1. Answer yes or no as to whether S168 is crowded, with 24+ Cβ neighbours inside 10 Å, farther than 16 Å from L28 by Cβ, at pLDDT 75 or above and not β-branched (V, I, T).
2. Going by what's in this entry, would I244 be described as part of a helix (DSSP H, G or I) and modelled with pLDDT under 85?
3. Does I137 satisfy the condition of being at pLDDT below 90, at negative phi and surrounded by fewer than 19 Cβ atoms within 10 Å (Cβ to Cβ)?
4. Would the range 353-367 turn up any residue that is surrounded by fewer than 17 Cβ atoms within 10 Å (Cβ to Cβ) and closer than 30 Å to W271 by Cα?
5. Yes or no: the range 54-70 includes at least one residue that is assigned to a helix (DSSP H, G or I), at pLDDT 90 or above and loosely packed, with under 14 Cβ neighbours inside 10 Å.
Amino acid sequence: MANYFYHLLMGRMLGPVDYGVLSALISLVYLLSIPAATLNLVLVKFICGFKGEENQAAIASFFRTSFKKVLPFSLVFLLILLFFVPFLASFLHLPSFLPLILILLAFFISIFLIFNRAFLQGLLRFGWFSSVGILEIFVKLTIAFLLVFWGFKVNGAVLGFLLGITASYLFTFIPLRLLFLKEVQKVKIKIKGIFGFALPVFFSTLAFTSLYSIDVVLARHFLPGPQAGFYGALSVLGKTIFFITSPVITVVFPLAAQSYAAGQKYRHLLWMSILLVGGLCLILNFLYFLFPVFIIKMLYGGQYLPVAPYLGFFGIFLSLYSLSFLMVNFFLSLGKTKIVFLPVAAGFLQIVFIFFFHQNIFQIILISMILTTCLFLGLLLYFFQSEKK
């Protein structure tokens, strides 16, 4: 939800052209954060295993060992990305390198924010987990609002984004300080087991992040400046569905993983989650189709009204995306990794079809909507077939 309010405020203050630049930059961060998001799920799964054994010393050791492994790879990755700044700026039609450099620094710090949040999630510290998000949105909104108001435009918005992530990362060490007080216990972790789980998680994260973000990046590349800004605003409004339903998915993964590891019943978690997420999606889509003009005017302002006819269709796309994301994460929490080929195929086809068919906003939405429909139906079919076996 933090990014949602940030996008609404920046969309109003920057206008369609500059906001198109900002939304493309943030979508780029989502794509670059795929390895970190993969690490998040891997960490949560192993932390849940240690927590189920009530082995706090092992969790403390796992935290320190994992951090030492992540840091050098992250630094190398950042240096490589900085080398490609001129190419990325040209692809996104950016007038300056500065916002891109700032957003890459935000990406670098976000890796470690995701790392710490994974331990909060795995330890079921959901209160602190939510507090981190609240602090991030407060710092991000306050600084971005002031800097954009003072005339720094996209650079100010990106700097607010960077400082919000930095503040929330430092804040995570308050609830995690107990890990530094625990006696360190050497933990034997099978690298083969981690890699065997991490690889399919990586491809799943790659696919879902691509489905969620690549359309905005490609819209920035293919569509005229104002149209790209309109699409960025439409994307955020549609993603309200995912922002609202994502807490359900965040809670289900560790609960299902722990229940499965303990030999307890877990299938009811999936059905309860689908009913809850599906119900929320229906309500929001109903509002999107009936009151698109009112919603856009209230949240983004009258300058974004040209996208009103497309809001309901984008809502369908994000509803199917959210349900598919829920199901794949549920399967992964049980260690069922073969299913990732379905979202990977959907993500690949989305890029291919948008590359060839990008005449207008609706054409891009239609491609995503059709592919997520096929993805969700495929996941349901896989579930029922696996239940029969």
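The values are calculated or read from the model by the stated rules, or taken from the named source; none is laboratory data. This one's a predicted model, so the numbers in the text were calculated from it and none came from an experiment. All Cβ positions, glycine included, derive from the backbone under ideal geometry; neighbour counts span all protein chains shown.
1. yes
2. So I244 fits the description; yes.
3. Yes: the conditions hold for I137.
4. Yes, because at least one residue in the range 353-367 is surrounded by fewer than 17 Cβ atoms within 10 Å (Cβ to Cβ) and closer than 30 Å to W271 by Cα.
5. Checking the range 54-70: not a single residue is assigned to a helix (DSSP H, G or I), at pLDDT 90 or above and loosely packed, with under 14 Cβ neighbours inside 10 Å.
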